[in-house]
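As structure tokens, the structure follows; a few thoughts come after it.
The values are calculated or read from the model by the stated rules, or taken from the named source; none is laboratory data. What you see is a predicted model; the values in this text were computed from it and never measured. So basically every Cβ, Gly included, is an ideal-geometry build from the backbone, and we count neighbours across all protein chains shown.
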Amino acid sequence: METRRIAEILKQAQPDETVTIGGWVRTKRELKGFAFMEVNDGSSMANLQVVLDPQVPSYDSLLQQINTGASVVVTGTLVPSPGKGQRIELKATSVTLYGEADPETYPLQKKRHSFEFLRTIAHLRGRTNTLGAVMRVRNACANAIHRFFQERGFLWVHTPIITANDCEGAGELFTVTNLDLKKLPRNEQQGIDFSQDFFGKRAYLTVSGQLEAEIMALAFQNVYTFGPTFRAENSNTSRHLAEFWMVEPEMAFCDLDGDQDLAEAFLKYIFKSVLDSCLEDMEFFNQRIDNTVLETAENIINNEFGRITYTEAIELLEKADRKFEYPVEWGIDLQSEHERYLAEELFKKPLIVTNYPKDIKAFYMRLNDDNKTVAAMDVLAPKIGEIIGGSQREERLNVLEERIKQMGMLPEDLWWYLDLRRFGTVPHAGFGLGFERVVQFMTGMGNIRDVIPFPRTPLSADF
Ligand code: 4AD
Ligand code: MG
């Protein structure tokens, strides 16, 4: 079935061309002696207007059976459109109806639905304007991410999803088990030690591909991962998912300055790419969701990010003309209210905060000469807060071993990670970008559950 895509037809096709399209009916209107259907095929926000007249075979029965949500393949001739808002329309010569959609039960009738409601029909919500635009922007953003790294000679490495390590050391792990609980009666399920249950060993779903990316960087110099990661944190916020995608570049012979430069160039590149390739969708978000998204994108592309140290951030927060819910003092982990104040109100642009206290950061971050802080960086975005977390890694064997012990972890568990410091160690750095957070930032969508096709959170993972 040779169908053409509606986005391409609306842009390039000329009157008199014969085309075939396939899609889902958004609306149908019957007038005297003819009818209109608006058809959408997901290629863009725009619908193609199809005109039907009684010469179309089975005209009467088609009109009875076609409703909002029905799937059709239409062949016809393009003609200039007399209506406003579109250059051409399709005069149908034949219509095949593949699937009806009962107007009594099809949930997506022509009206505005709340995002909460749409989440309950994740299998159908891709057919709405907003979720359609989100998925196209998400795709464009993923594509830009690969192009950015490929153009710079980074190797895309595939790190495991099942792993024995807790990279962040935060204990937010989902255990993987080969045990079939369905075969065990409930009373025998108690007391099972799931920590030994991946064929007799312990295994978890990865929280980050970083440690494995470090292995690869110490052979290939510049690498990146882009894959799903999992966090068993019981956070029901509009910024947290239990399953999210993360992009993690890792560079050998690189320090914290190089890491910040890469993060800034990277964000600028993906915003510019998405504006170039998805302008229509971005304009839609600007009109319907958040009227600052276009301005924000331009701001990111054209202005330098702010850069301050954690200690300077604390000073700025202490000087702020307001009281925060969570009291500010040197040593605290910055809360979302602090991050948003800094990025949104004070700097009004993305802000990179560096050199956090060692006690609130992961074991692998490089200890600074002050012995109090580590070479960490977080990129904070207006409205979202942290979208990137990264650091220069500890490359000195003895310092790293000491840190691992101090944090109550076992050096034996990380023997391979320590080996990298034994054999040909180099300064290296990297970061992790939360893919959904950046899509959220880009589109202005209020809830992270609406920028991933199938959100997994403590309260929802229906299918
Ligand atoms: O700051 P995080 O925990 O850093 C790491 O995992 C490092 N190992 C990355 C690295 O250096 N290679 O997570 C990185 C980013 C955060 O900045 C945030 O954007 C996102 O991942 N993130 C989440 N996104 C959605 N839901 C969650 N529960 C998230 N937790 C982190
Ligand atoms: Mg972080």
Any hit, segment 453-460, residues being more than 16 Å from ligand 2 (Cβ to nearest atom), within 24 Å of Gln335 (Cβ to Cβ), among the aliphatic types (A, V, I, L, M) and under 31 Å from the mean Cα position of the chain (by Cα): yes
Residue in segment 152-179 that is farthest from ligand 2 (Cβ to nearest atom), counting only those that are modelled with pLDDT under 90 and on the phi > 0 side of the Ramachandran plot: Gly171
Close pairs from segment 284-306: first surrounded by 14 or more Cβ atoms within 10 Å (Cβ to Cβ), partner acidic (Asp, Glu), Cβ under 8 Å, at least 6 apart: Leu294/Glu283; Phe305/Glu264
Only listed residue being free of Cβ contacts under 8 Å to residues at least 40 places away in the same chain and either among the small types (Gly, Ala, Ser) or more than 10 Å from ligand 1 (Cβ to nearest atom) (or both), chosen from Leu205, Leu173, Leu181: Leu181
Only listed residue being closer than 23 Å to Gly209 by Cα, more than 16 Å from ligand 2 (Cβ to nearest atom) and surrounded by fewer than 22 Cβ atoms within 10 Å (Cβ to Cβ), chosen from Lys405, Lys349, Lys383: Lys405
Strands (runs of 3 or more DSSP E) enclosed by segment 349-412 - at least 1 residues per element that are away from ligand 1 (no atom under 16 Å from the Cβ) and modelled with pLDDT of 95 or more: 373-381
Hits in segment 413-452 - residues which are part of a loop (DSSP other than H, G, I, E, B) and either closer than 30 Å to Asn291 by Cα or within 16 Å of ligand 2 (Cβ to nearest atom) (or both): Gly444, Met445, Gly446, Asn447, Val451, Ile452
Single match in Leu184, Leu211, Leu256 (criterion: closer than 17 Å to Gln392 by Cα and not assigned by TED's automatic domain parsing to the domain that holds Gln392): Leu211
Members of segment 215-239 found to be surrounded by 15 or more Cβ atoms within 10 Å (Cβ to Cβ) and touching a helix residue (DSSP H, G or I) at 6+ places or on another chain (Cβ under 7 Å), listed by number: Ile215, Leu218, Val223, Tyr224, Thr225, Phe226, Arg239
